[in-house]
1. Being among the small types (Gly, Ala, Ser) and assigned to a strand (DSSP E or B): is that true of Ser70 here?
2. For the subset of region 78-115 comprising residues that are touching a helix residue (DSSP H, G or I) at 6+ places or on another chain (Cβ under 8 Å) and in a strand (DSSP E or B), which member is surrounded by the most Cβ atoms within 10 Å (Cβ to Cβ)?
3. Looking at region 41-74 only, could you name the residues that are of a type in the set (Ser, Thr, Tyr) and surrounded by 15 or more Cβ atoms within 10 Å (Cβ to Cβ)?
4. For region 26-40, what are the residues that are at pLDDT below 95 and open to solvent by less than 20 Å² (accessible area, probe 1.4 Å)?
5. Consider only pairs whose beta carbons are under 8 Å apart and that are at least six residues apart or on different chains; among these, list those whose first residue lies in region 59-82 and is on the phi > 0 side of the Ramachandran plot and whose second residue is modelled with pLDDT under 95 and open to solvent by 50 Å² or more (accessible area, probe 1.4 Å).
6. State all residues of region 6-25 that are buried (at least 16 other Cβ atoms within 10 Å of the Cβ), of a type in the set (A, V, I, L, M, F, W, C) and closer than 15 Å to Ala91 by Cα; if no residue qualifies, say none.
Amino acid sequence: HVQLVESGGGLVQPGGSLTLSCAASRNISHISNMGWSRQAPGKQRELVAIIITSSTTNYADSVKGRFTISRDDATNTMYLQMNSLKPEDTAVYSCYARYLGTLYWGQGTQVTVSP
């Protein structure tokens, strides 16, 4: 079992930056597939970024060049650095971890990009 807790969301102006954190309840060095997704009101969930080990990442086209996913296995924490934020990035951001065939989700954190 893995518990995930996100933090770092909030209100930011367009062009601003935020860093989201996802703290895991167990050693994530054994978890190869982790990532972030987001869901805006009235829209489907969108997979934003995936990290498979520290050197293999993938991003949605909508965030490429602006968002960076990373992980710190020593502190069991995954991050999402978000730069050049746009109003369309407004959503609830949730982290996930796939461990032993089970997909675990955090509770989500709200990111609002508005003047």
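1. yes
2. If we take residues in region 78-115 being touching a helix residue (DSSP H, G or I) at 6+ places or on another chain (Cβ under 8 Å) and in a strand (DSSP E or B), then Met78 is surrounded by the most Cβ atoms within 10 Å (Cβ to Cβ).
3. Passing the criteria: Thr57, Tyr59, Thr68.
4. Residues satisfying the conditions are Ile28, Ile31.
5. From region 59-82, the pairs are Asn76/Arg26; Asn76/Asn27.
6. Those that are buried (at least 16 other Cβ atoms within 10 Å of the Cβ), of a type in the set (A, V, I, L, M, F, W, C) and closer than 15 Å to Ala91 by Cα: Val12, Leu18, Leu20.
The values are calculated or read from the model by the stated rules, or taken from the named source; none is laboratory data. Every value quoted in this text rests on a predicted model; they were computed, and no experiment measured them. Quick reminder, even Gly has a Cβ in these numbers, built from the backbone with ideal geometry, and neighbours come from all protein chains shown. Heavy atoms of the whole protein, side chains included, go into the accessibility calculation; ligands, DNA and RNA do not. Shrake-Rupley method; radii C 1.70, N 1.55, O 1.52, S 1.80 Å.
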